[in-house]
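**Student:** Dumping the structure here so I can ask a few things about it.
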Amino acid sequence: MSDDKPTPNTDEPVVDVEAEKAAKIAAAKAKAAAAKKAAEDAPPKDPWEEKPIPPAHSDAMDDEDVAALEDLVVSADLFAGTVTATVEAEKILDVCRFLKDERGYDFLVDQTAVDWPEREEGRFDIIYWLHRHSDSKRLRLRAIIGEQQTIESVESIWGAANWMEREIYDLFGVIFGNHPGLERILTWEGFNGHPLRKDFPVEGIDTGAAIYPDVYPPGGGPIVTDEGEGA
Amino acid sequence: MMNGPERPLFDVEEMEISFGPQHPATHGVLRLQMKLDGERIVEAKPIIGYLHRGTEKLFETMTFPACIPHTDRLDYVNAAHNNQGFCITMEKLLGISIPPRAAYIRMILAELQRLASHLVWLATHAVDIGAITPFFYTFRERDEILDLFEEYCGARLTLNTMKIGGLPFELPDGWLDRCAKFVDAFPSHIDEYETLLTTNRIWKKRTVGVGIISPEDAINMGLTGPPLRGSGVEWDIRKVFPYDRYDEVEFDVPTGTNCDTYDRYLVRIEEMHQSIRILRQCLEKLPEGPIMAKAPKVLRSPEGMVYGSVESPKGELGYFIVATEKGTTPYRCRVRPPSFVNLQALPQMVKGSLVADMMAVIGTLDIVLGEIDR
């Protein structure tokens with residue numbers, strides 16, 4: 001090509017290039033056809049050789065346990081092999097008691113929260129993850145609550161919920177009604193803020209843990225007062 | 001004291017004692033606020049959070065693959081299962097299935113890690129109760145396992161040895177032979193530990209009938225892993241929700257009958273035998289092939305919630321990931337730590353028992369504070 005550039009007006013090289021192009025295209029077509037044929041003849045690939053296809057959401061209102069809950073379920077979807085049933089937060093205790101007593105969900109695997117600060121329906125998702133030992137089936141419940149709303153504790157149904165709810169209270173600031181001892185668990189009593197909320201800075205806040213500060217900021221750190229300690 | 005009122009010879013009042021956080025028998029920085037009536041425990045309240053590092057918050061700021069090294073620091077004697085749990089959850093979310101060779105190597109690493117973790121448990125549990133000798137034996141074998149890890153990935157504790165979609169490294173030359181040699185020798189070492197403990201009269205007096213929890217209570221309190229199996233509930237994630245290629249290997253799930261510390265000890269000893277059984281099958285069946293699936297370089301998630309769990313030596317270790325459409329970081333990543341949930345049952349298990357028995361119960365729950373506090 002570098003030889004062609006000084007003499008762009010001559011016809012021959014251009015013709016050559018076009019002919020080459022056509023030949024290349026024909027070769028590529030033949031190759032593609034051969035590859036296609038080879039792919040058709042080849043045995044089916046293992047699933048791990050395929051391009052990954054992420055799981056898609058689908059409706060799961062026909063799931064047995066979801067159907068049994070009838071009008072208590074707002075919506076249900078199936079994603080990655082798991083049914084998530086959204087239920088009304090006010091009725092969470094009824095739903096859980098029904099699922100434990102009637103449907104055999106005797107095991108609370110996990111309970112946690114997700115913060116969606118911008119969402120209209122309510123700021124927090126409270127997630128319950130249930131398991132039943134008889135046939136190893138799992139079901140996820142989701143209750144949506146607003147920032148100022150409280151939700152009933154399920155500690156009376158599954159004892160395991162005790163610390164999980166304390167953790168949600170500690171890290172998200174969700175209040176659980178009728179909880180036997182709703183105290184902070186991972187941070188300390190008097191800590192200012194709820195770390196897993198989206199508006200809590202990742203770098204943390206000044207907790208007054210700087211060495212020998214004269215004044216502890218309000219709400220920061222294990223509060224030490226002068227009263228009673230003596231000068 | 002000198003001018004105080006006259007006191008009876010023995011104080012009959014309840015005494016409040018803070019046990020820990022700096023106490024060698026608490027396996028880390030666990031603090032127990034105890035009310036004692038003489039030697040009897042009236043109430044024990046665990047206070048945790050001394051090791052809280054905000055790992056779940058940190059996960060939200062980093063890309064999916066960058067989370068993996070942080071999972072090592074959760075249960076720090078058991079890094080392989082932490083990696084595995086996170087990777088299989090992400091693979092579930094992205095719909096990736098991994099090559100068989102990668103799955104088998106993962107299983108080999110995970111079962112070696114289970115042995116290492118159980119050896120740490122056995123050593124510390126025995127030391128807590130007063131038997132110091134097993135420590136030297138178990139740590140000898142644990143070191144061999146850590147040498148194998150070091151040879152494979154360069155790290156001994158925080159392995160960071162799995163990737164979303166497979167594994168980062170191929171096995172070094174001769175590694176499988178050395179692993180097989182270890183696997184062949186290990187059952188005789190288990191017999192050594194058993195000679196020291198299983199029929200030891202002191203060991204039995206300290207563990208039989210201590211820390212009883214009924215199967216109903218164990219399920220109610222959310223116990224998983226050996227504490228649940230010690231109470232007679234046959235339940236193992238590897239059996240009920242097989243991940244990687246656990247459905248292709250044969251192994252039994254040991255269970256206890258008396259629900260006490262001694263049975264949990266027997267369950268874990270038998271689990272070591274079963275791990276060896278799984279390792280033998282994995283080494284035999286290990287297929288050839290690639291070790292990474294065709295995963296995109298930049299992982300972008302679909303919108304949704306996904307939960308994946310593995311059977312860690314402590315119990316069910318789960319990851320719950322909430323992802324947004326085309327996100328590169330988890331919107332929320334919750335770790336379901338088995339130790340956190342298992343520790344919850346401690347007050348119930350030690351109520352009314354002697355203070356010295358509490359050491360046995362803490363040991364038998366096999367807690368790791370890095371995982372509890374996150």
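**Student:** Once you order the gyration tensor axes a ≥ b ≥ c over the Cα atoms, which shape class does the protein assembly as shown get: rounded for a/c under 1.5, otherwise prolate or oblate by comparing a/b with b/c?
**Tutor:** Numbers: a/c = 1.91, a/b = 1.51, b/c = 1.27.
Prolate, because a/c is 1.5 or more and a/b exceeds b/c.
**Student:** Give me the distance between the Cα centres of segment B:225-244 and segment B:245-305, rounded to whole Å.
**Tutor:** 11 Å
**Student:** In whole Hz, with x marking every Gly and Pro, tabulate ³J(HN,Hα) for segment A:25-34 from phi via Karplus 6.51 cos²θ - 1.76 cosθ + 1.60, θ = phi - 60°.
**Tutor:** Couplings: 4, 4, 4, 5, 4, 4, 5, 4, 5, 5 Hz.
**Student:** Oh, and also: Rounded to the nearest 0.05, what FRET efficiency is calculated for A:GLU147 and B:GLU43 with R0 set to 41 Å and r the Cβ-Cβ distance?
**Tutor:** Working: r = 35 Å, r/R0 = 0.85.
E(calc), rounded to 0.05, equals 0.70.
**Student:** I've got another one for you. Place the peptides A:76-82, A:57-63, B:89-95 in order of packing, highest mean first, counting for every residue the other Cβ atoms within 10 Å and averaging per peptide. Show your work: numbers first, answer last.
**Tutor:** Numbers: A:76-82: 19.0, A:57-63: 13.4, B:89-95: 23.4.
Packing proxy ranking, top to bottom: B:89-95, A:76-82, A:57-63.
**Student:** Quick one: buried accessible area between A and B, total over both chains, 1.4 angstrom probe, nearest 100 Å²? Intermediate values should be presented prior to the final figure.
**Tutor:** Values: alone 15710 and 16300 Å², together 27620 Å².
The A and B chains share an interface burying roughly 4400 Å².
**Student:** Continuing with the same structure: Which residues of segment B:295-338 show a drop of at least 40 Å² in accessible area when all protein chains are present, compared with their chain alone (probe radius 1.4 Å, heavy atoms only, ligands and nucleic acids excluded)?
**Tutor:** Flagged in segment B:295-338: B:MET305, B:TYR307, B:PHE320, B:TYR331, B:ARG332, B:ARG334, B:ARG336.
**Student:** Taking the simple approach of a point 7 Å from Cα along Cα-to-Cβ for both A:TRP116 and B:ALA66, what is their distance in nm?
**Tutor:** Distance between label points: 2.6 nm.
**Student:** Calculate how steeply helix B:100-129 sits against the longest principal axis of the alpha-carbon atoms of chain B, using the helix alpha-carbon long axis, and give the answer as 0 to 90 degrees to the nearest 10.
**Tutor:** Relative to chain B, helix B:100-129 is tipped by roughly 10 degrees.
**Student:** How much mean residue ellipticity at 222 nm does the protein assembly as shown get from its helices, if each DSSP H run of length 4 or more adds -39500 (n - 2.57) and you divide by all residues, to the nearest 500 deg cm²/dmol? All intermediate terms of the calculation are to be shown ahead of the outcome.
**Tutor:** Numbers: 19 runs with 235 residues, N = 605.
Calculated from helices alone, the mean residue ellipticity at 222 nm is -12000 deg cm²/dmol.
**Student:** Now for a separate question. With equal scatterers on the alpha carbons only and no solvent term, can you work out the Debye log10 of I(q)/I(0) for segment B:169-319 at 0.18 1/Å?
**Tutor:** The Debye formula, applied to the Cα set alone, gives -1.18.
**Student:** In vacuo Debye scattering of chain B, one point per C-alpha: log10 I(q)/I(0) at q = 0.07, 0.14 Å⁻¹?
**Tutor:** Debye output, listed in q order: -0.32, -1.19.
**Student:** Taking square-rooted eigenvalues a ≥ b ≥ c of the alpha carbon gyration tensor, is segment B:46-130 rounded, prolate or oblate, where a/c under 1.5 means rounded and, failing that, a/b exceeding b/c means prolate? List each step's numbers first, then the result.
**Tutor:** Values: a/c = 3.51, a/b = 1.28, b/c = 2.74.
Because a/c hits 1.5 or more and a/b fails to exceed b/c, segment B:46-130 counts as oblate.
**Student:** Turning to a different aspect of this structure: Accessible area per residue of the protein assembly as shown at 1.4 Å probe, in Å²? It would help to have the intermediate numbers written out before the result.
**Tutor:** Details: 27620 Å² over 605 residues.
That works out to 46 Å² for each residue.
**Student:** Spelling out what I want: for every residue of segment B:69-81, take phi, set θ = phi - 60°, compute 6.51 cos²θ - 1.76 cosθ + 1.60 (Karplus), and round to whole Hz; glycine and proline get x.
**Tutor:** My calculation for segment B:69-81 gives x, 6, 5, 4, 7, 6, 9, 6, 9, 8, 5, 4, 5 Hz in order.
**Student:** Would you please give the residues with an amide H less than 5 Å from that of B:TYR331, counting only those at least 5 places away or on a separate chain, with H modeled from the backbone geometry?
**Tutor:** Placed amide hydrogens put B:VAL322, B:ALA323, B:THR324 under 5 Å from B:TYR331.
**Student:** For the charge dipole of the protein assembly as shown, defined by +1 on Lys and Arg C-beta atoms and -1 on Asp and Glu C-beta atoms about the Cα centroid, which residue among B:THR329, A:SER156, A:ALA23 has the Cα displaced farthest towards the positive pole?
**Tutor:** Projecting each Cα onto the dipole axis, the largest value belongs to A:ALA23.
**Student:** Between A:ASP71 and A:SER156, what FRET efficiency follows from the Cβ-Cβ distance if R0 is 22 Å, with the result rounded to 0.05? Working shown, then result.
**Tutor:** Numbers: r = 24 Å, r/R0 = 1.07.
Given R0 = 22 Å and the Cβ-Cβ separation, E is 0.40.
**Student:** To continue, here is another question. Run the numbers on segment A:58-177 and let me know its relative contact order in percent, using alpha-carbon pairs under 8 Å that are six or more apart. Intermediate values should be presented prior to the final figure.
**Tutor:** Working: 220 pairs, mean separation 26.3, N = 120.
Contact order relative to length: 22 percent.
**Student:** Modelled label-to-label distance, A:MET61 and B:VAL298, 7 Å Cα→beta-carbon offset: nm?
**Tutor:** About 3.9 nm separates the two model spin labels.
**Student:** Same structure, new question: How large is the dipole of segment A:58-177 about the Cα centre if only Lys and Arg carry +1 and Asp and Glu carry -1, each at its Cβ, rounded to the nearest 20 debye? Please report the intermediate quantities before stating the final value.
**Tutor:** On the way: 12 positive and 27 negative charges, 77 e Å.
The dipole of segment A:58-177 has a size of about 380 debye.
**Student:** Could you go through segment A:105-114 in sequence order and give the Karplus-derived ³J(HN,Hα) for each residue, using 6.51 cos²θ - 1.76 cosθ + 1.60 with θ = phi - 60°, rounded to whole Hz, and x for Gly and Pro?
**Tutor:** 7, 8, 10, 9, 6, 7, 9, 8, 9, 10
**Student:** Measuring from centroid to centroid over Cα atoms, what is the spacing of segment B:181-207 and segment B:106-177 in Å?
**Tutor:** 18 Å
**Student:** Oh, and also: Does segment A:58-177 come out rounded, prolate or oblate by the C-alpha gyration tensor, with a ≥ b ≥ c the root eigenvalues, rounded set by a/c under 1.5 and, if not, prolate when a/b is larger than b/c and oblate if not?
**Tutor:** Cα axes put segment A:58-177 in the oblate bin.
**Student:** Report the one residue of A:LEU108, A:HIS133, A:VAL174 whose Cα lies farthest in the direction of the positive end of the charge dipole of segment A:81-175 (charges on C-beta: Lys and Arg +1, Asp and Glu -1; origin at the Cα centre).
**Tutor:** A:HIS133
**Student:** Still on this structure, please answer the following. Taking the alpha-carbon distance from A:LYS24 and a cut-off under 16 Å, which aspartates and glutamates remain once sequence neighbours fewer than 8 residues away in the same chain are dropped?
**Tutor:** List returned: A:ASP16.
The values are calculated or read from the model by the stated rules, or taken from the named source; none is laboratory data. Computed from a predicted structure; not experimentally measured. We place every Cβ from the backbone using ideal geometry, glycine too, and count neighbours over all the protein chains shown. Please note that ligands, DNA and RNA were not included when accessible areas were found on the heavy atoms of the full protein model with its side chains. Shrake-Rupley method; radii C 1.70, N 1.55, O 1.52, S 1.80 Å.
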